[in-house]
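So the structure is just underneath, and the comments pick up after that.
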Amino acid sequence: MAKKIIMFCRYYVPPILLLPYQTFQFLYPRLSFQVSRASNHHFHNLKADEIQTHVPIEPKLSSSFITDSEIQYEFAHHALGKISFYTHHAPGVAMMNNGSFGCCPASVISALHQWQLKMLRQPCNFFLNDLQNRILESRTIIKYHINAEDVDEVSIVDNISTAAAIVLQQTAWAFAEGKFNKGDAVIMFSCTYGAVKNSIEAYFSRAGGSVIEVPFNFPLNSNEEIISEFRKALEREKGNGKRVRLAVIDHVTCMPTVVMPVKQLVKICREEGVEQVFIDAAHGVGCVDVDMQEIGADFYASTLYKWFFCPPAAAFLYCRKSATYSDLELHHPVVSHRYGMGLAEESFWVGTRDYTPYLVLPSAMEFVNRFEGGVEGIRKMNHDAVVEMGKMLAEAWGTHLGCPPDMCASMIMVGLPSCLGISSDDDAMKLWAHLHKKFGVEVRIHYQAPKDGEVVLTTGYIRICHQIYNKVDEYYKLRDTINQLIHDGFTCALEVS
């Protein structure tokens, strides 16, 4: 009998305790918004008639902010018998790579599970009656959070690859229909994310377009270096008579990581006659301030699972109203029953699939609002912490940061000691695998090739991230691991098993 009681407590009590307050409130969810705009943006509570829903809308009431122990519990790894509540990472792993796939707290995962159960129990009712209004609810939250003009400017999609396909396939049709001419150009930086580069190749280049690649000269000392290279490239191509139809610009670059001066770059595009501007903001919402009226781009895509605590796969594509209602052919790449009803409607239904990650945004907002300052407070905490840890590592290794702290968000690049011998992208992958497999250290490694004729000591950089679950001991573990490799004479030229 005692053994049965122990087994019951081990396998069944923890899942019950894990279920957050929101689970028991599931039948009575609430929309709650944190007013987290600059002082010139005033938040207005949604009215019931703005969303076709029976869900009561009321402000979130919180008597206290989340505690450190509650944060750690939200991001603990629980493997309970055959039931696995996976929130972020396994014990013993120094996870400093939130920028790759993000994180999701237990309370949001619980809400996700409840939506999935509702879908599976009554699929007809869920898909035919509930889903559209619930997605509209999430789109409305995004609309207010990014200061969009109209909810119809916001479409929820799986990820940035889907958003890029939407933007770029309309350029392919423009070539086919004679709106664009062969040789018309798209401009992008050399650091543009590889999957987006592939979309440019698949849709734009194959249709007859040309690509202007702006050098990204890392490491950087100021935004002016980025702005100057971009302006020079546009002026040069304009002087050659080339018509630039589209600019693709990161808000926060992936590798190497910096916050791009998107407002200034969009302004230059307008001055130089670039017709459309697409901002790839995979690291957008939750990582940097996002204001559509200030940025002024035609298209802006951000994930919600990297820095905004939603599960994969949930992202959005903003299309400025002037672009949405022009003669552009904007369609979801997956064609289904709602084709021709507008991009937001097409994105809402792409066939039978699991849409529940789209629906937990209210729960993610509730989680964010448990922190002092809401999303701004989280962003500031992450920025200050990653800069502090970056400086600590650079001092310990006798190296430097890849750019000034004000060009960083929640990620930063730190130079690695030259004796590690990082001389290629393959070497960077070797070191990443070695740190991951042998030491339980999860980071990204970047190889920066020297310019022609340039002699530099630092060709390897490490990207560290900071999210609310991180502890200083994880960065000390990284510091000591690299120092141990140096002490042991490790170089990337050695065979790594």
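The values are calculated or read from the model by the stated rules, or taken from the named source; none is laboratory data. The shown structure was predicted, so the numbers you read here are calculated from the model rather than taken from an experiment. Cβ coordinates were reconstructed from backbone atoms using ideal geometry, including for glycine residues, and neighbour counts include every protein chain displayed. With ligands, DNA and RNA removed, areas are computed over all heavy atoms of the protein, side chains included. Shrake-Rupley method; radii C 1.70, N 1.55, O 1.52, S 1.80 Å.
If you take every residue apart from Ala428 with its C-beta less than 12 Å away from the C-beta of Ala428, what net charge results, scoring Lys and Arg +1 and Asp and Glu -1? Show your work: numbers first, answer last.
Working: positive: Lys430, Arg444, Arg463; negative: Asp425, Asp426, Asp427.
Neighbourhood net charge equals 0.
When the dipole is taken about the Cα centre of region 208-272, and only Lys, Arg (+1) and Asp, Glu (-1) are charged at their Cβ, what size is it in debye, to the nearest 20?
Numbers: 10 positive and 9 negative charges, 67 e Å.
Around 320 debye, computed over region 208-272.
Enumerate the amide H contacts of Met96 below 5 Å, restricted to partners 5 or more residues apart or on another chain; note that Pro and chain-start residues carry no placed amide H.
It is Glu442, by chain and number.
How do Trp349, Trp307, Trp432, Trp397 rank by accessible surface area computed with a 1.4 Å probe, from largest to smallest?
Reading off the accessible areas and sorting them downward yields Trp432, Trp349, Trp397, Trp307.
So, R0 is 25 Å and r is the distance between the beta-carbons of Gln72 and Ala433; what FRET efficiency does that work out to, to 0.05? Mind dumping the intermediate values first?
On the way: r = 28 Å, r/R0 = 1.12.
The computed FRET efficiency comes out at 0.35.
For region 274-280, take each phi angle, set θ = phi - 60°, evaluate the Karplus expression 6.51 cos²θ - 1.76 cosθ + 1.60, and give the result in whole Hz per residue in order, putting x for glycine and proline.
5, 6, 10, 10, 10, 9, 8
Where the centroid of each part is defined by its Cα atoms, how far is region 426-467 from region 470-495 in Å?
What the calculation gives is 12 Å, centre to centre.
Amide H of Ala247: which non-local residues (sequence gap of 5 or more, or other chain) have their own amide H closer than 5 Å, using H built in the peptide plane?
For Ala247, the qualifying residues are Ile187, Gln276, Val277, Phe278.
With θ set to phi - 60° and the Karplus curve 6.51 cos²θ - 1.76 cosθ + 1.60, what are the ³J(HN,Hα) couplings of region 298-312 in order, to the nearest whole Hz, using x for Gly and Pro?
Listing the rounded values in order: 6, 9, 9, 10, 9, 6, 10, 9, 7, 10, 10, 6, 8, x, x Hz.
In Å², what does the accessible area per residue of region 201-331 work out to with a 1.4 Å probe?
Values: 4550 Å² over 131 residues.
Heavy-atom accessible area per residue stands at 35 Å².
Tell me whether region 404-465 comes out rounded, prolate or oblate; compute the Cα gyration tensor, take square roots of the eigenvalues as a ≥ b ≥ c, and use a/c under 1.5 as the rounded threshold. Intermediate results must be reported in sequence, preceding the final value.
Details: a/c = 2.36, a/b = 1.11, b/c = 2.12.
Oblate.
Out of all Cα-Cα pairs in region 129-255, roughly what percent, to the nearest whole number, are more than 19 Å apart? Could you put the intermediate results ahead of the total?
Working: 4750 of 8001 pairs.
Of the Cα pairs, 59 percent sit more than 19 Å apart.
With the full set of protein chains in place, find how many percent of the accessible area of region 196-317 is carbon and sulfur; take the probe as 1.4 Å. Working shown, then result.
Values: 1760 of 4010 Å².
Ligands and nucleic acids excluded, carbon and sulfur give 44 percent.
Cα-Cα over 31 Å: which of Lys242/Lys451; Lys263/Lys430; Lys267/Lys380; Lys391/Lys438; Lys179/Lys267?
On the way: Lys242/Lys451 27 Å; Lys263/Lys430 37 Å; Lys267/Lys380 26 Å; Lys391/Lys438 25 Å; Lys179/Lys267 24 Å.
Going by Cα-Cα distance, Lys263/Lys430 fall outside the 31 Å limit.
What ranking do 256-262, 366-372 get when scored by the average of other Cβ atoms within 10 Å per residue, highest first?
On the way: 256-262: 22.9, 366-372: 20.9.
So the peptides 256-262, 366-372, ranked by packing, come out 256-262, 366-372.
Based on alpha-carbon centroids, what's the gap between region 99-134 and region 261-300 in Å, whole number please?
Going from one Cα centre to the other spans 31 Å.
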